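A quick write-up on the structure given underneath.
The values are calculated or read from the model by the stated rules, or taken from the named source; none is laboratory data. The shown structure was predicted, so the numbers you read here are calculated from the model rather than taken from an experiment. Methodologically, a virtual Cβ is constructed for each residue, glycine included, from the backbone with ideal geometry; neighbour enumeration extends over all protein chains shown.
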Amino acid sequence: MDERVKTIVITGASGGIGAALAVQASRAGHRVALAARREPELQAVAARAGGGAVVIPTDVTKRSDVERLRDRAIAALGGIDVWVNNAGQGITKPVLELTDADVDSMMTINVKSALYGMQAIVPHFIERGRGQIVNVSSFLSRVPFATYRSAYNAAKAALNALTANARVDLARAHPGIHVTLVLPGLVTTDFPRNAVGGSPPLPPGTPAQTPDDVAVAILRAIEQPAAEIYTNPQHAAVALEYFKDVAAFEQEAAARR
C-alpha cells in the first residue's frame with residue numbers, strides 16, 4: 001500500500017471543518033472514517049467525499065463510544081494512521097456569569113472528548129510504531145479577542161496543554177507518533193449558531209476563513225506533520241505580540257471596543 005495514503009478518523013465530521021476535511025482528504029486519495037452524533041448528516045458528507053468513506057455514528061463525550069469508534073474504524077480501514085479530534089461547541093457567556101453546568105459542558109465536549117480519543121488511539125499507534133493525533137483547538141485559546149466565549153476559550157487552552165504534554169511524552173519513547181495542534185480563527189461555519197446562548201453579531205469586515213481553507217491547512221499538516229499550526233498564518237504573529245506584553249495588548253484591545 002502507498003505510504004502516502006493515510007487512513008484518517010475525523011470526529012465532528014457532520015459539518016463545518018470536519019466535513020470539509022473529510023471531503024478534501026478523500027479526494028486526495030486518503031481513506032476516511034467519519035464520526036459524529038448525526039447519522040443522516042454523516043451519510044451526506046460521506047456521499048460527497050466518496051472513496052468508500054466509512055460512517056460511524058458516535059457520541060464523543062462517552063468514552064465507550066470513542067473506543068467503539070476506534071475498533072470499528074480499525075475493522076473497516078485495516079488500521080488507523082491519523083486521528084483528528086475535531087468535535088467541539090462554543091458558548092456565549094462572560095466569565096462571571098458561568099455556572100457549574102456551563103463549565104462542565106464545555107470541558108466535556110471540548111477537552112474530555114479529545115482526551116478519550118488520544119487515550120483510545122495511542123495504544124494502536126504504539127503497536128504499529130507510527131501514527132498522528134490532530135487536535136483542533138482555537139486561536140481564542142491564545143488571545144482573548146472574544147471574551148464572551150469564556151469557558152470555550154478556557155477549555156481549548158486546556159486542550160492545548162494536554163496536547164503539548166502528550167507530544168513531549170510520546171516523542172521520548174515513540175518518535176514515530178506525531179501530535180499536532182491546530183488553531184483556527186474565525187471560520188464561516190454553523191459554529192456561532194450552535195453555540196450555547198447563540199452568538200452576537202460580528203463587526204462588519206471581520207476576517208474569516210472558510211472550512212475549506214482550514215481543511216487545506218490541516219491536510220498539509222497531516223501530509224507533512226507539524227507540532228502546531230495556525231490555519232490563518234497572520235495569527236501566529238498576533239499571538240506572539242500578545243505574549244510579549246499581555247497588559248499593553250489587552251489595554252489597546254479594550255480601547256478599540
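Data overview
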quantity: Single unsatisfied condition, residue 160 versus (1) within 18 Å of residue 68 (Cβ to Cβ); (2) under 13 Å from the mean Cα position of the chain (by Cα); (3) surrounded by fewer than 20 Cβ atoms within 10 Å (Cβ to Cβ); calculated: (1)
quantity: Residue that is surrounded by the fewest Cβ atoms within 10 Å (Cβ to Cβ) [pool: residues in the stretch 18-29 that are closer than 15 Å to residue 83 by Cβ and either of a type in the set (D, E, K, R) or out of contact with any Gly (no Cβ under 8 Å at 6 or more places or on another chain) (or both)]; calculated: 25
quantity: The stretch 115-160, residues that are aromatic (Phe, Trp, Tyr) and either outside any helix (DSSP H, G or I) or within 13 Å of residue 80 (Cα to Cα) (or both); calculated: 125, 145
quantity: Out of 45, 54, sole residue that is surrounded by 16 or more Cβ atoms within 10 Å (Cβ to Cβ), closer than 19 Å to residue 23 by Cα and more than 19 Å from the chain's Cα centre (by Cα); calculated: 54
quantity: Single residue of 32, 95, 84 found to be farther than 28 Å from residue 170 by Cα and among the β-branched types (Val, Ile, Thr); calculated: 95
quantity: Test set (1) surrounded by fewer than 22 Cβ atoms within 10 Å (Cβ to Cβ); (2) modelled with pLDDT of 95 or more; (3) not hydroxyl-bearing (Ser, Thr, Tyr) - residue 204 fails condition number; calculated: (2)
quantity: Qualifying residue in the stretch 121-130 (condition: of a type in the set (Gly, Ala, Ser) and surrounded by 19 or more Cβ atoms within 10 Å (Cβ to Cβ)); calculated: no
quantity: Contacts under 9 angstrom Cβ, first residue in the stretch 126-149 being under 27 Å from residue 172 (Cα atoms), partner surrounded by fewer than 22 Cβ atoms within 10 Å (Cβ to Cβ) and aromatic (Phe, Trp, Tyr), 6 or more apart; calculated: 142/230; 142/242; 142/243
quantity: Any hit, the stretch 141-150, residues being within 30 Å of residue 71 (Cβ to Cβ) and either within 16 Å of the chain's Cα centre (by Cα) or buried (at least 21 other Cβ atoms within 10 Å of the Cβ) (or both); calculated: no
quantity: Matching option when the condition is out of contact with any helix residue (DSSP H, G or I) (no Cβ under 8 Å at 6 or more places or on another chain), within 24 Å of residue 165 (Cα to Cα) and not polar (S, T, N, Q), among 208, 237, 227; calculated: 237
quantity: Residue in the stretch 85-94 that is crowded, with 16+ Cβ neighbours inside 10 Å, closer than 27 Å to residue 146 by Cβ and in contact with a Leu (Cβ under 6 Å, 6 or more places away or on another chain) present; calculated: no
quantity: Residue in the stretch 109-120 that is modelled with pLDDT of 95 or more, surrounded by 15 or more Cβ atoms within 10 Å (Cβ to Cβ), among the aromatic types (Phe, Trp, Tyr) and in contact with a Gly (Cβ under 8 Å, 6 or more places away or on another chain) present; calculated: no
quantity: Within the stretch 161-257, helices (runs of 4 or more DSSP H) holding 2 or more residues that are over 17 Å from residue 18 (Cα atoms), without any contact (Cβ under 8 Å) to a residue 24 or more places away in the chain and not small (Gly, Ala, Ser); calculated: 234-244, 246-256
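Table: residues versus (1) within 15 Å of the chain's Cα centre (by Cα); (2) modelled with pLDDT under 95.
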site: 193; (1), (2): no, yes
site: 224; (1), (2): no, no
site: 229; (1), (2): yes, no
site: 235; (1), (2): no, no
